[in-house]
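Please read the structure below before turning to the comments.
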């Protein structure tokens, strides 16, 4: 059985907009759920569905700890983290999910 991967991710409503931080073991499925807006949630209410950052971890406990740590960060730190690798706040979803 292959090693399982876990992801901590940041969604944004737009450049400099509302941010959402989450953790999942299936990034493509989870972001698709946010984009579909089928579930009443924070991301549905504030139209937060642009995947602007993610990191992969190999342990669920470390992924959850990282998510909680990021949620406590100052907003400016979160923005700097996003802009380090994604200065234009591009939606990274298509790059990981492939063509529709």
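Structure notes:
- The set of residues in the range 69-100 that are more than 22 Å from residue 32 (Cα to Cα), free of Cβ contacts under 8 Å to residues at least 24 places away in the same chain and surrounded by fewer than 12 Cβ atoms within 10 Å (Cβ to Cβ) comprises 69, 72, 74, 76, 77, 80, 84, 87.
- Here is the figure for the range 33-68: residues that are farther than 18 Å from residue 15 by Cα and more than 14 Å from the chain's Cα centre (by Cα) total 12.
- Residue match in the range 51-65 (condition: in contact with a helix residue (DSSP H, G or I) (Cβ under 9 Å, 6 or more places away or on another chain) and free of Cβ contacts under 8 Å to residues at least 24 places away in the same chain): no
Read the figures in this text as sums done on the coordinates, not as results from a lab. Small disclaimer: the values here were computed from a predicted structure and weren't measured. Virtual Cβ from ideal backbone geometry, glycine too; neighbours counted across all protein chains shown.
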